[in-house]
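K.L.:
My questions will all concern the structure given below.
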Amino acid sequence: MNDLSLSNTAFPPATAIGRYPERMPIIRTAKLIFPEGEYPCVLRDISGNALRVKIYGAPLPDDGRTFWLEFGDGDRFEVSLIWSRDGQAGLAFTEHNDLMSLIGEKGPFRKRAIRIAVDLPATVRSLGRSIDVRIRDLSHEGAQIECPDMFSMDQQVQLAVPALGEVYAKVRWRQHPGYGLAFLETFRFEEIANVAANLQALSKVWRDTNPMSDGGTNDGSGIAA
């Protein structure tokens with residue numbers, strides 16, 4: 001049997017979450033949001049009130065809680081886990097949703113890359129100086145940093161990203177002390193997805209060992225490139 005099937009053998013009886021019409025293939029990046037972390041994923045297909053996603057790295061928490069499926073445009077949907085194996089997961093919507101709403105970018109932040117919230121110390125090099133910063137979120141296209149120093153628009157910097165190495169970037173927006181950086185050479189989505197769990201684990205260790213830090217909040221007001 002194909003493990004990627006969304007047939008009734010892979011899910012609870014149809015009466016539990018509705019009958020499943022023919023699967024609708026779809027490729028769209030997203031993330032799954034739990035209280036303890038965020039998991040990048042790729043939507044692969046939808047069938048009725050269920051969907052299948054490709055997941056990366058650590059397995060999803062399987063404790064019966066509902067969680068959120070969020071897209072780059074800001075749209076989010078409450079879902080629950082049905083099954084998870086071999087880098088794939090089956091999810092069910094907790095409420096009925098219009099499937100067409102999952103196909104295109106329609107939310108408040110269109111065409112925005114999937115950002116993973118982190119809280120990591122890092123270093124920026126620019127104009128012969130080395131500056132300590134904190135990375136607040138990260139995507140395969142850019143990052144949001146916080147720094148007491150001032151940067152100008154379009155200023156080129158070199159950011160040392162834990163687990164990923166150094167990358168050149170330009171300042172695309174600023175709301176001091178926050179700055180949005182656009183990478184000059186982007187990563188693949190899969191590269192960020194595969195290290196997301198490690199970066200969030202490093203964030204937790206750093207916060208635990210720096211109790212005087214405020215930990216920061218990422219309310220989505222800054223749009224990373």
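The values are calculated or read from the model by the stated rules, or taken from the named source; none is laboratory data. Small disclaimer: the values here were computed from a predicted structure and weren't measured. Ideal geometry is used to build each Cβ from the backbone, glycine not excepted, and the neighbour counts take in all protein chains shown.
K.L.:
Starting from residues that are among the charged types (D, E, K, R) and surrounded by 17 or more Cβ atoms within 10 Å (Cβ to Cβ), keep the ones in segment 119-145 and report whichever is modelled with the lowest pLDDT.
P.N.:
In this case the residue turns out to be Asp119.
K.L.:
Every residue in segment 58-85 that is surrounded by fewer than 18 Cβ atoms within 10 Å (Cβ to Cβ), in contact (Cβ under 8 Å) with a residue 40 or more places away in the chain and not in a strand (DSSP E or B), please.
P.N.:
Of everything in segment 58-85, those that are surrounded by fewer than 18 Cβ atoms within 10 Å (Cβ to Cβ), in contact (Cβ under 8 Å) with a residue 40 or more places away in the chain and not in a strand (DSSP E or B) turn out to be Ala58, Gly74.
K.L.:
Oh, and also: Would you kindly identify the strands (runs of 3 or more DSSP E) lying entirely within segment 155-215 that contain at least 3 residues that are charged (D, E, K, R)?
P.N.:
Per the criteria, 165-175.
K.L.:
Across segment 56-68, what is the number of residues that are at pLDDT 95 or above and not polar (S, T, N, Q)?
P.N.:
Adding up the residues that qualify gives 2.
K.L.:
Can you work out which of the residues in segment 162-196 that are small (Gly, Ala, Ser) and out of contact with any strand residue (DSSP E or B) (no Cβ under 7 Å at 6 or more places or on another chain) is nearest to Ser152 (Cα to Cα)?
P.N.:
For segment 162-196, the residue satisfying everything is Gly165.
K.L.:
Collect the residues in segment 45-65 that are among the acidic types (Asp, Glu) and over 19 Å from Thr29 (Cβ atoms), keeping them in residue-number order.
P.N.:
Asp62, Asp63
K.L.:
Counting only residues that are acidic (Asp, Glu), surrounded by fewer than 20 Cβ atoms within 10 Å (Cβ to Cβ) and part of a strand (DSSP E or B), how many does segment 29-57 have?
P.N.:
Of the residues in segment 29-57, 1 are acidic (Asp, Glu), surrounded by fewer than 20 Cβ atoms within 10 Å (Cβ to Cβ) and part of a strand (DSSP E or B).
K.L.:
Which condition from (1) at pLDDT 85 or above; (2) out of contact with any Leu (no Cβ under 8 Å at 6 or more places or on another chain); (3) under 28 Å from Lys204 (Cβ atoms) is the one that Ser84 breaks?
P.N.:
(2)
K.L.:
Taking Met150 as meeting all but one of (1) assigned to a loop (DSSP other than H, G, I, E, B); (2) touching a Lys or Arg at 6+ places or on another chain (Cβ under 7 Å); (3) among the aliphatic types (A, V, I, L, M), write down the number of the exception.
P.N.:
Of the numbered conditions (1) assigned to a loop (DSSP other than H, G, I, E, B); (2) touching a Lys or Arg at 6+ places or on another chain (Cβ under 7 Å); (3) among the aliphatic types (A, V, I, L, M), the odd one out for Met150 is (2).
K.L.:
Output the number of residues of segment 177-197 satisfying the condition of being without any contact (Cβ under 8 Å) to a residue 40 or more places away in the chain and closer than 17 Å to Pro121 by Cα.
P.N.:
2
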